[in-house]
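Colleague: This is the structure I have questions about; it appears just below.
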Amino acid sequence: MESGFAGMKLLDPDDPFFARPWVRWVTVLAPLGWAVAEFAWLGSPFWGLLFLAAGVYAAWALFFARKPD
């Protein structure tokens, strides 16, 4: 029996919502694009790093750790 948050994922790549490739791409590219905006135009490296990390995590979860269809 799992207790607490042991089985909870931040981003579930096997959810039917992510079955379409364009949804996976948008989920990855949106935070990466925002990271570029934070670094280039807004001058906020802290938020840029957070969004960069979110985009990299989403890419890993949705393209590399995802079970093949």
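Each value in this text was obtained by applying a stated rule to the coordinates, not by laboratory testing. What you see is a predicted model, and the numbers here were worked out from it, not measured in a lab. In this analysis, Cβ positions are derived from the backbone assuming ideal geometry, glycine residues included, and neighbour counts consider all displayed protein chains.
Colleague: Applying 1/(1 + (r/R0)^6) with R0 = 22 Å to the Cβ-Cβ distance of W22 and A65, what FRET efficiency is obtained, to the nearest 0.05?
Modeller: Numbers: r = 19 Å, r/R0 = 0.87.
Once the sixth-power term is evaluated, E becomes 0.70.
Colleague: Something else about it: For R20, R66, what ranking results if the residue with the fewest other Cβ atoms within 10 Å of its Cβ goes first?
Modeller: Numbers: R20 10, R66 14.
Going from sparsest to densest Cβ surroundings: R20, R66.
Colleague: Determine, for each peptide in 28-37, 41-50, the mean count of other beta carbons within 10 angstrom over its residues, then list the peptides with the highest first.
Modeller: Descending packing order for the listed peptides: 28-37, 41-50.
Colleague: Say R0 is 25 Å: what FRET efficiency, to the nearest 0.05, do K9 and V36 get from their beta-carbon distance?
Modeller: The pair K9/V36 has a calculated efficiency of 0.40.
Colleague: If one takes the longest principal axis of the Cα atoms in the chain, at what angle in degrees, from 0 to 90 and to the nearest 10, does the Cα axis of helix 21-37 lie?
Modeller: 30
Colleague: Just one of (1) 46, 30, 16; (2) 71, 28, 22; (3) 40, 28, 23 is Cα extents along the principal axes in Å as worked out from the coordinates here. Which one is it?
Modeller: (1)
Colleague: Would you work out the relative contact order for the chain, in percent, from Cα pairs under 8 angstrom that are 6 or more residues apart?
Modeller: In percent, rounded to a whole number, it is 38.
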